[in-house]
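A quick write-up on the structure given underneath.
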Amino acid sequence: MIDDLPVGLRARRPADEDHLRVLALLDAWWGGLKGAAGATERALLLPRLYFQHFTTSSFLVEDGDGEVVAFLVGFLSQTEPETAYVHFVGVDPALHGQGVGRSLYRAFFALARSHGRRYVHCITSPENTASRAFHTRLGFTPSAVKPDYDGPGLDRVAFAIDLSAAPGAAL
């Protein structure tokens, strides 16, 4: 499924029973970003339905002990036939810089292309500077901060990449 992960890691599709396992990791992996409000926000952004209805366009990475070390939840847009969307991504901070996130995106880009998608979109909070830098390194183009994008006080930065034109898109 993903053949370029570091040794000892394996990818599979997420399943319903993975939902609580992933939620349990969010606070630790995001280092308390935005405090208790941030923890609630992250949990609300990743309801069980993503582990029930979007599994064929998502990935979960486990180590040799079966512990979740990374995930990418994405989907193919139902409204925009040329677009795919990365909804939520997480990588264990102990694995940052080892290519796990890049491998997840590479796999998602391949999936998007195989379904005739040209564009991939995603968002992050303005405070998540690591995410903003990572997406820019991958070749995504960031927007200006979009105030109240996801509701009052939930500002976001939107990212887009053209898989047919972006130099980093081939990864």
Choice from P142, P47, P152 showing the highest fluctuation, given a GNM over the chain with Cα pairs closer than 10 Å: P152
Compactness of the stretch 56-145 as Cα Rg over 2.2 N^0.38 Å, two decimals: 1.10
For Kirkwood radius over Cα pairs in Å, calculated from these coordinates, the label among [x] 16.3; [y] 17.4; [z] 18.5: [x]
Estimated distance in nm for a label pair at K34 and A165, the labels positioned 7 Å out from Cα along Cα-to-Cβ: 3.1 nm
Theoretical gain in end-to-end length, T141 to L25 [0.36 nm per residue, Cα-Cα removed]: 38.9 nm
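Helix-only estimate, please: 222 nm mean residue ellipticity of the chain, summing -39500 (n - 2.57) across DSSP H runs of length 4 or more and dividing by its residues, to the nearest 500.
-9000 deg cm²/dmol
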Counted charge near V69, where neighbours are those whose Cβ lies closer than 14 Å (Asp, Glu -1; Lys, Arg +1): -3
Dimensionless Rg ratio for the stretch 34-85, taking C-alpha atoms and the 2.2 N^0.38 Å reference: 1.39
Per residue solvent-accessible surface (Å²) - the chain, probe of 1.4 Å: 50 Å²
Packing-based order for 80-90, 33-43, using average beta carbon neighbours within 10 Å, highest first: 80-90, 33-43
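Which whole-number percent gives the relative contact order of the chain, counting Cα pairs below 8 Å spaced six or more residues apart? Working shown, then result.
Working: 277 pairs, mean separation 30.2, N = 171.
Averaging sequence separation for qualifying contacts and normalising by length gives 18 percent for the chain.
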Accessible-area composition of the chain, carbon plus sulfur, in percent [1.4 Å probe]: 55 percent
GNM result for the chain, Cα springs below 10 Å: residue of L26, L154, L104 fluctuating most strongly: L154
Net +/- balance of residues flanking I123 in space, Cβ distance below 11 Å, scoring K and R +1, D and E -1: +1
Charge dipole (the chain, unit charges on Cβ, about Cα centre) - positive-most of L23, L60, S164: S164
Global geometry of the stretch 1-87, whether rounded, prolate or oblate, following the gyration tensor of its Cα atoms and the 1.5 cut on a/c: oblate
Charged-residue dipole, Cβ positions (Lys, Arg, Asp, Glu), the stretch 1-92 about Cα centre, Debye nearest 20: 260 debye
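The values are calculated or read from the model by the stated rules, or taken from the named source; none is laboratory data. It should be emphasised that the depicted structure is a prediction, and the values quoted were computed from it without experimental measurement. Here Cβ is always computed from backbone atoms with ideal geometry, including for glycine, and neighbour counts include all displayed protein chains. Surface accessibility is based on the protein's heavy atoms, side chains included, excluding ligands, DNA and RNA. Shrake-Rupley method; radii C 1.70, N 1.55, O 1.52, S 1.80 Å.
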